[in-house]
1. Hey, what do the phi angles of the range 125-130 turn into as Karplus ³J(HN,Hα) couplings, whole Hz, using 6.51/-1.76/1.60 and θ = phi - 60°, x for Gly and Pro?
2. Of Asn181, Ile331, Ser233, whose Cα points farthest to the positive end of the dipole of the chain (charges on the beta-carbon: +1 Lys, Arg; -1 Asp, Glu; origin at the Cα centre)?
3. Tell me, what ³J(HN,Hα) does each residue in the range 254-262 have, in order and in whole Hz, if you take phi through Karplus 6.51 cos²θ - 1.76 cosθ + 1.60 with θ = phi - 60° and put x for Gly and Pro?
4. In what sequence do Lys96, Lys339 fall when counting other Cβ within 10 Å, fewest first?
5. Average projected area of the Cα convex hull of the range 1-106, in nm²?
6. Rounded to two decimals, what is the ratio between the C-alpha radius of gyration of the range 256-387 and 2.2 N^0.38 Å?
7. Let me check against my output: what whole-number percent is the relative contact order of the chain, with C-alpha pairs under 8 Å and at least 6 apart?
8. Using amide H atoms built 1.01 Å from N in the peptide plane, name the residues 5+ places from Leu306, or on other chains, whose amide H lies under 5 Å from its own.
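All of the numbers you see were taken from the coordinates with simple rules; none came from a lab. Quantities reported herein were computed from a predicted structural model and do not represent experimental measurements. In this analysis, Cβ positions are derived from the backbone assuming ideal geometry, glycine residues included, and neighbour counts consider all displayed protein chains.
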Amino acid sequence: MHDDTRCLQIDDATAPSGFQSLSFPVFRGSTVVFPTVEAYQRRREFFYDGYSYGLYGTPTSRALEARIASLENGATSHVVPSGLAAIVLTILAVAKAGDQVLLPDSVYDPVRTLSDNFLSFLGIQVGYYDPLIGGEIGALLDDRVKLVLVESPGSATMEIQDMAAIVSAARANGSRVAADNTWATPLRFKPLDMGIDFSICAISKYLGGHSDVLMGSVTVRDEVLYRRLRDVSRYLGYGVSPEDCSLVLRGIETLSVRLDRSEANALAVARWLGDRPEVVNVLHPALPSHPGHELWQRDFLGSSGLFSVILQPWTRSHVAAVIESLEFFSIGASWGGTKSIVAVMDPPPVRTATRITEQGPLVRFSIGLEHVDDLLADLERAFRLLEAEMVQPLTPSIRQGI
């Protein structure tokens, strides 16, 4: 079955008996009742794959988890309140005081805050590595390293990692590997097929798809890992509302067509920006000039709508006026919805193992479903504000194409 069709399929095992519909019902409930005292006393036996209390799952959340697991080619998925919560859960499921976790230097910035201010408090050591390290990560691995996180492309700076080489080195060391797969979604890359242990997705982005849900997921193939995730999730008091799960189930039904449109629009916008003299570099892995393009071609089935650009240093004092003049781009931190969003990251996110060599402002675009001609016309109008300011020699811009 193709993924486009999988996005629409209701798992019969989670569907209510005696009622057939094209949408899955919303099951609300905190208290789960039992027919007998004995059944109540044995309720914890149903914790992993049944129903024991509303916080730990409803038929609606189970239906969503089954849908995600199918798309991920996984055995089981677990949904939690956010993408960051999914990363926290994964780390705490495998690491304890005295253990070490390795994170790419390009990691989603809130994970760095989590690591430096919370994991260290728990006694879990965190090391940052060059996202382009590939198989040489083996030199950083020892018995203390329980988890290696990959995020490809990297948050904001869009590095493509050699995940196959990292997985191989981690396997040789006995370390687990987790992938933040939010950019690609399960439709563009399937981490578990590469031997990665945990596939993490911020459902708030493309799977929800409409900028109105906060949720994350972790998908695995190993039953022991799944039960550990569920245990730690219970300890943390994680739960998701059935209404939000219903919204994500609806969002997944249009994921394929939304992703195709965002991808096509983003490539057109990226090519246009690559021809602008104000732009030093376009950071989009689907463009042939991207340093990680060959790895992207090897591992991914396509791209999405998120990419970044580095502007000329002299634009710094004018970039706010340019961005604020845009009509069809909202300014915001999230991405993956139907509407286009832009974020100025100046200075760029913190680095400790590597450094960003470009000196200009970094601008991240999440391209939505608007007509691409409207987006390009909007950008053309905004960038005219810079034309009168181009008075000093320019760093040659990198022309992009696909």
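1. 7, 10, x, 9, 10, 4
2. Among Asn181, Ile331, Ser233, the one farthest towards the positive end of the dipole of the chain is Ser233.
3. 10, 4, 4, 6, 5, 5, 4, 5, 4
4. Working: Lys96 10, Lys339 15.
Neighbour counts put them in this order, fewest first: Lys96, Lys339.
5. Details: hull surface 41.3 nm².
Mean projected area of the Cα convex hull: 10.3 nm².
6. On the way: Rg = 14.4 Å, N = 132, 2.2 N^0.38 = 14.1 Å.
After normalising by residue count via 2.2 N^0.38 Å, the value is 1.02.
7. On the way: 798 pairs, mean separation 68.7, N = 402.
Dividing the mean separation by the residue count of the chain yields 17 percent.
8. Ile367
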